[in-house]
Structures are given as C-alpha cells and as structure tokens.
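For reference, the structure discussed in these notes is given below.
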C-alpha cells in the first residue's frame, strides 16, 4: 500500500514511523523531523510556502496513492479553523480527482463552548468548525472517508503541545493556573496507542466518524495532582481566566464504536507515565546543548577553514608535544616513545601536506636545538650522515601522511561534485517525469473530450431546444457555464431602436455587479468589429470590457450579445474561442428555430388581433422567470395595468406604444392586463410607473401568484 501522510507531522517519531513503514510505503508531506526521510520505505517532502497547491498536485500525479492520512494542523498547536478549512478543501479535491481509495482525516475532538461562555470570537470559531464538518460530509459522498477524532497526543520521546505547556510551567514556576474548573474533563492519547489505531483503521474499509478515548475519567484536578506528586511545592489554581491555561475542550464522547468496529482499546495511561514524562522533560529541550564531540568537530572546521589560525594551532600543539617530550625523556617507561614523530604524524593526518611539512620543519629545528644543547657541534650534525636519519624520517612522515590526507580530501570533494551533478540530473529527470505525467493527464483529458464531443453536442442541442426565447437564453447560459467552466457569463438583449442593451440572464456570481442596461457606445471596440459567427477577444486588455464577446444574429441583425468575464490566462486560446463559436452557433440555430416557431404559434398564443399573450402562455412565461429568479440567473417585475381603454384592441395599441422590446404583456382569466418587465426589480418600479404614467397607463405592483392563468 502506498500511503501519503500530510499535515502537521511534528508528533511523529522514528520508532512510530518505522512501525507504519513496515506495513506500507510511506510518503510524508509537511512539517516533520528530517531524520524520518532517511528511514527505510519512507520519503519526506517539505511543504513550501509558495506554490503549495502546485507541489501537492505534482505529488498526487507522481505517486498513485492507495490511502491518504490527513493530520489536522490544529492538533499540535492552537487551532486556526479558517486556514484549516482551506487546506482541507485543497486536499479533499486532490483526493477526489485522483480517486484515492481510502482517506482518513485525523483531528482533535473539540467541543463547542457553552452558550454562556461564548464570545463573538467563539461564535465565529463555532461557525468555522461547523464548516469543517460540512466539508467532511460533502466529500464523504465521493470517497471512503473516515473522520478520526482523537484527544491530545503525547509521546515520552517527543513531548509537544499541549502537554509540554503543563510540564514547562511545572518545571519553571511554583504555581500552575487553569482557566477551567477542576472537574473539567481532559484526555491524552499516547502515540503508541494511536499508531495501533491508525493501522487498524487503514486495514478496514469502514467509513464515517469515530471518536477515540484513552482515559475518560481524567480531569484537570487529577492532572494537577499528578504534577504536584512530582513537585511538592507546586500550587494549583483553577477558574483563572486571565492567566490560566486555555485549551479547546474535548467532547468526551463514548469511544465504544471504535472498540466495536476496530477492536481497539488504549493501553497507556497518562497518569501512570507522568513520573517518566516529568523527569524526562527539559524546558530547554527545544534549544538542546551541543555535545563535546559536536563542539570539537565545530572547532576543527573553524580552524581548518582559516590558514593563519591553522598554523597557529599547529605551533601551539608543537609547544605542547615538545614539553611532553622533555618530561617523558626522564621516565624509563616513556623514553622509547618519540613524541616528535607522533606530533608530525598527527598533524599530517589531520591538516594535510602543507601543515605536515611545517610540523616536520618545527620538529627538525627542535631536534637540531636538542643536539646543540646536548653538546654536539653543529658541524658534526651536518657532516655525520647518521644524524640525518631523524630529520629525514620526520620530513617523510609529514609529507606522506599529509599527501594521503590531501588525496583523500580531493577524492571526497570530487565525489561531492559528482553527487551534486547526479542530484541535478535526478532533479531534471524528476521534473521531466512530472511534466510528462501532467502532459499525459492533459492529453488523456483531451482524448476523452474528443471521444465525447459528439455526445456533448447532442446534449447541448437537446438542452437548448426550447420554445420560448427566454427559455432558450436560460438554457444557453447553463450550457456556456458548464462547457466553458466559467461562472461569469452574461447575455444581453439588443433593440434596433435603442442604443442600450438590456440584460437577459447572467451568472449568479456576477449578478450583483452587472448593470441591467449597458450603453453600447461605451463598447465601441466590440460593436465596430462585431461579425456574425466570430468571437471578439479582449487581447488589448481594455478596461471595463469582457474577456470574450460573441453574438447571436437573426436575419443579419444582432439580437443578443454574450459577454464572458473573468477568464483565466490558460483560457485565452484558440481552443476556448472555438468552443464559444460552437456554442453560439448552436444557440443561434435554436433561437432562430424557436423564434420562428414562436411567431408561427403567435396567432394561437396571443389574443386575436393583438400581441397580448393569452392567460395560459403568460402563466408559462411567469413560471420560466420564476425558475431563473430562484437560481439567481435573472430577475423580473410583474405589474397589473389600469387604463381607460374601452376594448382589447385599444389596450394593445396603448401598451405597445410604451413597452420596450424586453417587456411582455398578457391577460389573465379575468381579462386584467399584466406586464412582465425582464431584469427589473421592485426598486425600479418608481421609474417605470412614472414613464408609463406619462402614457396614461397606471401600474400596480403584483406577484406571480396574483396572476390567474
């Protein structure tokens, strides 16, 4: 099994990670100890702050994971539910698209605060935590998701928050303050028990929400008493909300479901391990002091990198060995040891050829001085070849051992350079492989899209095959949104008699920002270049213009404009333009066909001799606009008409003289006239009523339920 463990992994230790790696191949992604990445069957990738989503996508593409374990960032530190929800959404989406068989989300089993304890900030946190639950419920429909809610984690080898907070205060202070009452429930689960539970959950195919418990009888009072048993001078203070330790409360739900489904029960108890935890914890654990070996190693590196300091150290060491040689010469046990030779061998081995020759020269000078001090004439030393042997051996030993050191050092440097080159090649191959996987996925998507293109065309054609023009525009909008994967589409209706375009339908995401009418003179770049069957592209990045604009023609005249906003950089391509052309062509054919049918049945849909819709057809129109209003795609205003017209013909002539192209009039079963104003709201009623009043028409606001079809 290939397992991805992602999130806050700081609580993982080498022993626990090794135990998990014995069961499956493990990839770690997130904050974790670097030593974990060197374990067998384990790979560790650090999560960078930049392009984190891109790194995750490449990781999911490179490895075909069988299971994903997500560790909530709120487990080992104070929770930030807002960022956690965003993180959850990203990982869940990748798991969904990669079709991961098993997903486990490990989080803290926190509860909501009581109503009398909540503040505005607490209320906000409650809403965010509810969003987390809804996210899990939503994605649980698409994958085998197990939500594992656990108490606080602890481990004797790696003591972290929140247990470290209690131990640190107990070590450094004489008083331990708690923000809650002594009988407040609290629970801690050991990493050993959690690892066993996690492996059992991985082996099972059960999904759903589970709560794990370790010690349901543990309270703040018992925890404080256990700490007092380790430090008798420690005093406990409860219910201090100013300086007391505040932790998210645990729900303490019954863990019987975990025992029944996975056969698991906690074995370790925090109170039993408190003596070992207290004695093993050091407040300076995070700032660990270097060992003697580490200090010597650091000093050696510092001396080796500084030439004057290196020669000074050799000279100081020579003085020490010279004194040692003088002291040893008077002892029968050490008189046979040549400390000068030991000194030369040591320096040549440690510092290389140059320092080896330098140490040999120092020893030669010291030996010559000892000959002269001993009463031997300098000429005898130089001319008697037997006296040369010590000098020759010193120089040979210093040169040979120094050369061996330099040769070995050169080999190490060469090996490191080779390693860097190989690492660069590996990085290049890995990047090329990831790019190949991305290309493969993209090609696969395009091939599948090509294979399904005929089915898509049929589906879109069937979808927009409606009778009423308003229904066709509604269906066209949905087809554009789903096919182009863009939720910023607006369709405007054109009127040959007006320089304004009226909004017909638009995407919900941009409905609050769009104007109901737009002045076409402000879009001269579009209107001047507009051609039937072509798509206008905002390649000049004109401010206030859409990214794309297409049109729908009827008998050579434009009747609708399609604006597409908020297009990503990747969608500014010919492929995207061709999709828009195809969709607009299909919509234009459907619109012309629907308009012709509508004109053909207009004699039966309208009152004889007028353009007033009959009750059943006007009721159908209201129903269509109601659906668009409910889906936040369009709005409308319905008004009842009062006039002095003596018959239907006079009423028709009076209304047509004041109505716009986007307005529709009809009669109900009682003969009362109504007008439906597309893309108008109750806020627009005053202006519309004033305009109609000038034409001797009184408008009264109405609702769809008022119309008697």
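The values are calculated or read from the model by the stated rules, or taken from the named source; none is laboratory data. Everything numeric here is computed off the predicted structure, so don't read it as measured data. For neighbour counting, all protein chains shown are included, and Cβ atoms are generated from backbone atoms with ideal geometry for every residue, glycine included.
Does residue 448 satisfy being within 30 Å of residue 508 (Cβ to Cβ), buried (at least 16 other Cβ atoms within 10 Å of the Cβ) and at pLDDT below 75? Talk me through it step by step, then tell me what you get.
On the way: within 30 Å of residue 508 (Cβ to Cβ): yes; buried (at least 16 other Cβ atoms within 10 Å of the Cβ): no; at pLDDT below 75: yes.
No, not satisfied.
So which of 363, 327, 342 is part of a helix (DSSP H, G or I) and crowded, with 19+ Cβ neighbours inside 10 Å?
363
Hey, can you tell me all the residues within the range 258-282 that are closer than 16 Å to residue 229 by Cα, touching a residue at least 40 places away in the same chain (Cβ under 8 Å) and exposed (fewer than 15 other Cβ atoms within 10 Å of the Cβ)?
275, 276, 279, 280
Just for the range 467-489: of the residues that are more than 26 Å from the chain's Cα centre (by Cα), at pLDDT 65 or above and not in a helix (DSSP H, G or I), which one is surrounded by the most Cβ atoms within 10 Å (Cβ to Cβ)?
Filtering first and then ranking leaves 489.
Regarding the range 48-67, can at least one residue be identified that is surrounded by 15 or more Cβ atoms within 10 Å (Cβ to Cβ), at pLDDT 85 or above and part of a strand (DSSP E or B)?
Yes, the range 48-67 has at least one match.
For the range 677-709, give me each residue that is touching a strand residue (DSSP E or B) at 6+ places or on another chain (Cβ under 7 Å) and free of Cβ contacts under 8 Å to residues at least 60 places away in the same chain.
Selection gives 677, 681, 682, 685, 688, 689, 692, 697, 698.
Restricting attention to the range 297-324, report how many residues are in a loop (DSSP other than H, G, I, E, B) and either crowded, with 16+ Cβ neighbours inside 10 Å or modelled with pLDDT of 75 or more (or both).
Count: 1.
Within the set of pairs 6 or more residues apart or between chains, which connect a residue that is closer than 12 Å to residue 347 by Cα inside the range 305-322 to a residue that is surrounded by fewer than 18 Cβ atoms within 10 Å (Cβ to Cβ) with Cβ atoms less than 6 Å apart?
Listed by first residue and then by second, the contacts come to 310/303; 313/303.
Among the listed residues 701, 615, which satisfies the condition of being at negative phi, at pLDDT 85 or above and crowded, with 17+ Cβ neighbours inside 10 Å?
Just a single option satisfies the conditions, and that option is 615.
Specify which of the listed residues (368, 401, 438) is farther than 30 Å from residue 587 by Cα, surrounded by 12 or more Cβ atoms within 10 Å (Cβ to Cβ) and modelled with pLDDT of 90 or more.
Exactly one of 368, 401, 438 is farther than 30 Å from residue 587 by Cα, surrounded by 12 or more Cβ atoms within 10 Å (Cβ to Cβ) and modelled with pLDDT of 90 or more, namely 401.
Looking at (1) crowded, with 20+ Cβ neighbours inside 10 Å; (2) touching a helix residue (DSSP H, G or I) at 6+ places or on another chain (Cβ under 7 Å), which one does residue 662 not meet, given that it meets all the others?
Condition (2) is where residue 662 drops out.
Please pick out the residue among 396, 373, 337 that is in contact with a helix residue (DSSP H, G or I) (Cβ under 8 Å, 6 or more places away or on another chain) and assigned by TED's automatic domain parsing to the domain that holds residue 300.
On the way: 396 fails: in contact with a helix residue (DSSP H, G or I) (Cβ under 8 Å, 6 or more places away or on another chain); 373 fails: in contact with a helix residue (DSSP H, G or I) (Cβ under 8 Å, 6 or more places away or on another chain).
Residue meeting the stated conditions: 337.
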